[in-house]
Amino acid sequence: MFKALRQPSARLLFMAASKSIELEITDLAYGGDGVGRTEGRACFVPFTLPGERVRAHLVQENKRYARAEVAELLTSSPERIKPPCPHFRACGGCRYQHLDYAAQIRWKQKQVTEILARIGGFRAPPLKTMIPSPHSYGYRNKITLHGPGQPAFLALNDRRLIAIAHCPLATGSINALLREHLQRTLAEGEDLVIRSNQAGEARWFTECAGRHTASDGQPGTPAENILGQSYDYPVSSFFQVNPEILNQILTIAGRRFEASGCSTLLDAYCGVGVFVLALTRPEQRGIGIEVDPAAVAAARNNAARQGARQVTFLAGRAEARLEKALRNCPAPQTCLLLDPPRAGCSTPVMRAIAGHRPRHILYLSCVPPILARDLKQLALAGYRLIRVQPFDMFPQTAHIECLAELALP
């Protein structure tokens, strides 16, 4: 077990029976591991920081790289801080609570630059300065806890369960509701989901294999205020977890759509319609595609409440709907918005884009390696990468949100 680290000079101890090495940590890899070198190979060491010297135990070796676990922190980084959560290092959610927030932003920016170059092939990517979250804790509007037994988070690197009474990333209203559920017993495969909005309203439900097993029974649909508009979202449907950063993404995406000169916005993964409704004006045309029927119904209600007659929504998978939708849009006047699941755009989606060639693309992703992969494919299809704007949607974690803009020459 790691012992608590007293700042700044105390040593961090770990017991292990394996080969011991000393390392100078010189980099911070995407995912959160510190990086040193041993015998000419990169060596990844979790929970270490650049500028630190450590004694570590090797736990994995191959020809290209090695992995190790800290045995002793010999020299501490001045950017190391005391993590506020007692479950940090055990819980699988956070990777950077031991790193000053300004340094998190700086290192995440570097990680995106390197990923775009290494995976995307963009040697000098047009990367803008990362926009930090207004709040580095208490920002998250959804948590999911797992069974069996007491509701718990998953441990780092395995499927063990870590029971918690408070998550510092979650909003105050989520933590208040979590305390009420600490004695709940979940079945095998059952999850407890707690969501909140900026008004401080919180709801919960349990589900197993995608089927609701219990809920708080509150009537109606929860709503969130985004850029002055209220958006209904079904409690089990997707909604961005950091509303303050969502507002900033929408503001920048709106500017880029306006600057594109396009009159049609086609959102291939539209959720409850936030982007297509927020970005289009009455004289423009908006089309949203969404696989979740409940989200489509909410999107249509949101559009009706806002009087957005210029926007229509199509139920179905992007793979099934996008090609026909693009065919019915004038390519020189169309901006395609992509916000796919973490796996990125599928082959049918990329094939539809290459075949119909909408003039402008805005691509939002929380997985930089997948984004870089897809940007490379779009570049091969003739698109030019104009800019990439990173956002710290998920402080303290390894995730990074990026909005990329592409256009045909």
Scanning segment 224-242 for residues that are outside any loop (DSSP other than H, G, I, E, B) and open to solvent by 10 Å² or more (accessible area, probe 1.4 Å), which turns out farthest from Gly172 (Cα to Cα)? Gln229
Quick test of your reading of the structure: Arg123 fulfils all but one of (1) at pLDDT below 95; (2) outside any loop (DSSP other than H, G, I, E, B). Name the failing condition by number. (2)
Tally time: how many residues in segment 275-330 are in contact with a strand residue (DSSP E or B) (Cβ under 8 Å, 6 or more places away or on another chain) and at positive phi? 1
Could you list, in sequence order, all residues of segment 143-165 that are under 23 Å from Gln218 (Cβ atoms), assigned to a loop (DSSP other than H, G, I, E, B) and open to solvent by 30 Å² or more (accessible area, probe 1.4 Å)? none
Within segment 26-55, the residues that are assigned to a strand (DSSP E or B) and open to solvent by 10 Å² or more (accessible area, probe 1.4 Å) are Asp27, Val35, Arg37, Thr38, Arg41, Ala42, Phe44, Arg53, Arg55
Criterion: of a type in the set (Gly, Ala, Ser) and open to solvent by less than 10 Å² (accessible area, probe 1.4 Å) - qualifying residue of Ala372, Ala354: Ala372
Condition set touching a residue at least 24 places away in the same chain (Cβ under 8 Å) and over 24 Å from Ser133 (Cα atoms), scope segment 157-173, selection nearest to the chain's Cα centre (by Cα): answer is Asn157
Only one of (1) in a loop (DSSP other than H, G, I, E, B); (2) within 18 Å of Ala155 (Cα to Cα) does not apply to Glu69, and that is (1)
Of the residues Cys335, Cys329, only one is part of a loop (DSSP other than H, G, I, E, B), touching a residue at least 60 places away in the same chain (Cβ under 8 Å) and more than 29 Å from Gly31 (Cα to Cα); which? Cys329
Before we move on, is Thr144 among the hydroxyl-bearing types (Ser, Thr, Tyr), under 22 Å from Cys91 (Cα atoms) and under 21 Å from the mean Cα position of the chain (by Cα)? yes
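The values are calculated or read from the model by the stated rules, or taken from the named source; none is laboratory data. These numbers come from a predicted model, not from an experiment. So basically every Cβ, Gly included, is an ideal-geometry build from the backbone, and we count neighbours across all protein chains shown. Just the protein is used for accessible areas: all its heavy atoms, side chains included, with ligands, DNA and RNA removed. Shrake-Rupley method; radii C 1.70, N 1.55, O 1.52, S 1.80 Å.
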